[in-house]
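This report concerns only the one structure given below.
Read-outs: derived from the displayed coordinates by stated rules, not from any lab. Predicted model, so just to flag it, every value in this text is computed and none were measured. Cβ atoms come from the backbone with ideal geometry, glycine included; neighbour counts cover every protein chain shown.
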């Protein structure tokens, strides 16, 4: 180890003498980048993105409790209790979508339903529950082995459970 250290110090001295301090700094940055790349190659599984665990903001946990209760009630009333209990999360990052269903086993994630906090606050509770029901239809598709999309199965089941069978919809502002 001592010999390697002396070799690196001697190499650094030569670079400074011959090429200047700027080149030494540039060489050190390249060396640092090389070792970081090597370390990440050794630690990261190939061709896999790191899984980022998204969590609900503590201030939104009341929404999660209420949505979970609504999921349980809607499951019993409209799906004859056939859906699994599933994690429900409220997202402060969702800006363009009202909700989302993550498929079981999709990209190393667990199945979950995510509802936009902005949607709950801007459009009211009834609209958020309608979105939850929409995502529950996707959950039903996933759990019964159907294709998860907005096709014929989705439209048929949406009508049965009492929601508009569309991928997008206009939402009403709370009164």
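Before moving on, here are some points about what is shown:
- Rg then Dmax, both in Å and based on the Cα atoms of the range 86-131: 11.0, 32.
- Length released on extending from residue 95 to residue 164, taking residue separation times 0.36 nm less the Cα-Cα span: 22.7 nm
- Residue 156-residue 29 pseudo-label distance in nm [points 7 Å out on the Cα-to-Cβ vector]: 6.1
- Neighbour counting of Cβ atoms within 10 Å sorts the residues 27, 158, fewest neighbours leading, into 27, 158.
- When 67, 28 are arranged by Cβ crowding within 10 Å, least crowded first, meaning fewest neighbours, the order is 28, 67.
- Cβ-derived FRET efficiency at R0 45 Å, residue 22 paired with residue 85, nearest 0.05: 0.15
- Centre-to-centre, using Cα atoms only, the range 139-162 and the range 71-129 are separated by 15 Å.
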